[in-house]
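Comments concern the structure below.
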């Protein structure tokens, strides 16, 4: 029995289509004859998720997304995502899933395997899912705050530009440069002074030792003084001064009478005036008081 040319072409085309289909599924990580367990993950948002997206558990690939079912009649309902999981992975009840996208936009599903102690999930059970926005989500959440900050930054930059354009700032910078130069000079002078002090320090220390020795000797001499005898002498002298002061203040004695008797003072003053008048008269008429002659004859 001969097969016509048309039949052979048709068979080759069918085989090529089948091989192409299997090859595409293989490249997507899907297998038509797989014995994987199928579960359903419910997401509210499946942005970027599509069939053949990988599923990981602790960084290890354990399955693939088979189909994404969207309920057009009830848009508010969760999106049902059918996934095939390696049967060797037993999912405890309480496990969940999350959609994760990286900086390049690649999307994957991570299984968060946790147990609530009530048993294992069975194929066909629904696994709760959520979206982990990652770094992009955090950046997206920061955008409103950044939008509020941008006007303030613009105002700050304008103020800063105006401040830098002020000639006084440039002059101040020149002054700062001059001050820095003066500080460097002063620092060098201080270093030189400290070097000289370090050289002179032994001599200063020896002089201080001498001063301390003299202070020690003086302290020893002070300790050797008879303070009680000295104070007794001082008290005796003060007592004599007190007695002398008392005599001067009393009417006894010449000095006391002279200081306290006004009549004696007036008589003494009168006597001094008389003596003064006598001396004046003696100077004016010496012949009245002194008489002498060469021939022995008095001149009356």
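Results, tabulated for the structure shown:
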{"quantity": "Any hit, the range 179-199, residues being over 27 Å from the mean Cα position of the chain (by Cα) and not in a helix (DSSP H, G or I)", "calculated": "no"}
{"quantity": "Residues being surrounded by fewer than 16 Cβ atoms within 10 Å (Cβ to Cβ) and within 19 Å of residue 58 (Cβ to Cβ) - total across the range 100-112", "calculated": "2"}
{"quantity": "Residues of the range 252-300 that turn out to be surrounded by 10 or more Cβ atoms within 10 Å (Cβ to Cβ), touching a helix residue (DSSP H, G or I) at 6+ places or on another chain (Cβ under 9 Å) and either in a helix (DSSP H, G or I) or modelled with pLDDT of 65 or more (or both), as a count", "calculated": "11"}
{"quantity": "Which listed residue, of 150, 139, is in a helix (DSSP H, G or I), under 45 Å from the mean Cα position of the chain (by Cα), surrounded by 11 or more Cβ atoms within 10 Å (Cβ to Cβ) and not assigned by TED's automatic domain parsing to the domain that holds residue 47", "calculated": "139"}
{"quantity": "Unique residue being within 16 Å of residue 113 (Cβ to Cβ) and in contact with a strand residue (DSSP E or B) (Cβ under 6 Å, 6 or more places away or on another chain) when the list is 65, 83, 79", "calculated": "83"}
{"quantity": "Unmet requirement for residue 133, which otherwise passes all of (1) surrounded by 14 or more Cβ atoms within 10 Å (Cβ to Cβ); (2) closer than 19 Å to residue 42 by Cβ; (3) modelled with pLDDT of 85 or more", "calculated": "(3)"}
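Yes/no matrix, rows are residues, columns are (1) loosely packed, with under 10 Cβ neighbours inside 10 Å; (2) touching a strand residue (DSSP E or B) at 6+ places or on another chain (Cβ under 7 Å); (3) at pLDDT 80 or above:
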| residue | (1), (2), (3) |
| --- | --- |
| 186 | no, no, yes |
| 220 | yes, no, no |
| 231 | no, no, yes |
| 237 | no, no, yes |
| 245 | no, no, no |
| 248 | no, no, no |
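The values are calculated or read from the model by the stated rules, or taken from the named source; none is laboratory data. Remember, predicted model here, so these are calculated numbers, not experimental data. Positions of Cβ are generated from backbone atoms using ideal geometry, with glycine treated the same way; all protein chains shown enter the neighbour counts.
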